[in-house]
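The block underneath contains the structure these notes are about, expressed in structure tokens.
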Amino acid sequence: MRLFDIRDRMLLAALLPVTLVAVLLSTVFLAGRYADLDAAHQQRMRSLARQLATASEYGLFSANTSSLQAVAASALRDPDVVSVVIVDGQGQALATAGRGRHGSLPALGTQEQQWVDATSGNDLLVQAVTPSPLRLDDLFEAGRDAVQDSDAAAPPLGHVVLEVSRAALVSRGRDMLMLGLAVTLGGLLFGGVLAVRIGQGVIRPILRVSDMIERIGRGELTVRGVLMPNDPLRELQAGLNQMAEHLQQGRDELERRVALATAELRTKKEEAETATLAKSRFLAAASHDLRQPIHALGMFVARLAQLPHDRETRHLIANLEASVRAMQDLLDALLDISRLDADAVRVHSKPFPLAHLFEQLRGALSPVAADKALRLRVRGSHLWVLSDPTLLHRILLNLVSNALRYTGQGGVLVGCRHSRGGSHVWIEVWDTGVGIAPEHQQNIFREFYQIGNPERDRSKGLGLGLNIVERTARLLGHPLQLCSIPGQGTRFRIEVPLAVAGNTGAFAAVSEAPPLDDVRGLRVLVVEDDRQSAQALRGLLDSWGCTVALVEGLQGAMTTVEGGFEPDLILSDFRLRAGETGLQSLQSLRAALARPVPACLMSGDTDTELIQACREAGLPLLHKPVRPAKLRTLMRRLTRTPAVDV
């Protein structure tokens with residue numbers, strides 16, 4: 001509820017002057033009337049005292065106490081008189097009447113004296129009784145002045161002490177005050193009623209206009225006010241009606257235009273979605289069709305590199321491997337971007353030691369640093385962190401690779417330091433490279449953004465690494481910071497929460513180098529319908545010492561198994577002939593073999609539904625083109641780890 005709305009303010013404006021005038025007049029009237037009552041009381045008290053003094057003259061002159069007692073008693077007929085005391089010239093009381101309890105009297109003189117008794121609160125008045133001058137002989141005119149002077153100087157015969165109560169005066173004052181308050185309240189009530197009655201004629205039109213404005217503000221543009229003949233705000237009401245009508249027309253027109261624009265946007269959106277869907281289908285098909293030959297090419301090149309060649313041929317093969325590796329890097333980066341866009345990357349945080357992660361970085365990138373004559377320093381650490389080790393390794397691998405790529409001399413340092421009072425740790429990557437200008441420091445995290453590479457030189461990267469780093473760090477919830485000075489170097493750092501240290505034995509065992517014949521002798525069943533990919537994969541596996549059975553689909557695989565081939569590992573493409581899928585083939589083969597044979601799917605599809613299906617089935621998925629080293633590592637891990645039944 002709002003305080004002091006328009007009604008309250010109008011009533012206050014009407015009553016405040018009335019109240020001030022009524023209170024002022026009542027105050028003046030009561031003060032004047034009370035002063036008159038007090039003056040009349042004082043005058044009556046003095047008159048009574050003088051009458052008593054005159055009546056007491058004879059008694060004092062003749063020392064007639066009975067006469068004085070009668071005079072004192074007669075004064076009590078006045079209801080306000082409390083007591084009367086008549087004293088002689090020496091201050092001795094000759095007559096007393098009433099119940100006076102006043103204290104000692106002041107020094108008695110010839111002048112009239114008056115005060116208020118501190119004990120009783122009554123008025124006390126002392127009146128001197130002086131002898132009247134008598135002219136006994138007119139013969140002595142010459143001595144008249146002398147006689148008068150002698151009489152004037154004569155001492156008083158005595159004094160009359162009169163005590164008068166102020167109760168009646170106070171009572172009359174209280175009555176006048178109550179009457180004044182009643183008159184004032186009556187005036188205020190009358191003024192309030194009159195102000196309300198008169199103010200209704202002004203307040204009601206204002207409230208009608210206010211209500212209409214409020215409803216218009218809520219969007220009720222159909223509201224219209226009634227025009228009354230005697231309405232003082234008639235013109236304003238008519239203007240509001242006209243404004244509401246114009247607003248309603250404008251809103252209707254705007255809604256019509258919005259509806260048309262929405263319909264057009266919906267049509268455009270549907271066209272864009274159709275085009276996007278068609279583009280996605282095209283890109284998915286193109287990606288799959290592009291990955292297949294690149295996959296086969298990578299296998300052929302890896303097999304070719306194992307054969308003996310002369311120097312010139314080895315140089316050509318090395319260039320061919322570099323080109324294939326560049327295409328694989330681009331496709332892998334695009335795959336990472338698409339998985340991040342589709343929210344297909346799942347975080348699996350767990351405690352692990354930084355030392356294990358740092359050793360992986362040193363082992364993977366030390367050859368790169370040595371090729372550029374750079375120094376790669378990785379400071380060891382005993383700390384454990386809580387994160388996803390795979391994703392964090394990918395972040396640091398991209399950062400260190402990027403630092404080595406843009407550093408011409410000096411080196412790269414990887415280390416860590418505590419933050420947030422010891423609850424977190426900054427993992428930092430320092431380099432002595434070219435640095436990044438301030439105007440580029442935000443843009444380097446954009447896709448395909450590169451500084452100083454307009455010719456798109458592949459040796460300078462693809463412009464996707466830092467974008468993947470930034471998005472992966474955001475997915476993990478790890479803050480990422482950049483500090484760079486052009487010409488001096490760059491520092492990237494990522495903040496990771498610390499974890500309680502655990503057993504490092506399991507991590508140390510994983511980092512041991514595998515033997516060269518780690519997959520030799522394995523019986524591998526390859527299910528692949530693409531002839532080039534199948535031949536390339538078979539040649540690579542043969543070079544590793546594996547026994548390979550190559551089939552194009554489920555029927556051929558079942559025939560091979562029924563013929564007595566007992567595979568140690570099954571490698572299957574996802575898309576097979578006649579609508580078959582690798583998932584269905586693996587389930588049927590495991591059922592036929594009556595054991596959970598280790599298996600792996602390979603596919604050129606990057607669909608998130610396929611990734612999720614493989615995750616639910618517990619099957620590893622390798623996206624084509626598959627790097628031979630990655631395939632060999634997976635084969636070794638699968639054949640040394642109990643398989644999961646699907």
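Values quoted throughout were computed directly from the atomic coordinates according to the rules given, and no laboratory measurement underlies them. If you're wondering where the values come from, they're calculated on a predicted model, not measured in any experiment. Positions of Cβ are generated from backbone atoms using ideal geometry, with glycine treated the same way; all protein chains shown enter the neighbour counts.
Observations, loosely collected:
- Charge tally in the Cβ shell below 13 Å around Leu30, where Lys, Arg are +1 and Asp, Glu are -1, Leu30 excluded: 0
- Positive-end extreme of charge dipole, the stretch 559-646 - chosen from Val561, Leu589, Leu638 (charges on Cβ): Leu638
- Placing dummy labels 7 Å off each Cα toward the beta-carbon, the span from Thr608 to Ala70 is 13.0 nm.
- Estimated dipole of the stretch 191-247 in Debye, rounded to 20 [Cβ of Lys and Arg +1, of Asp and Glu -1, Cα centre]: 180 debye
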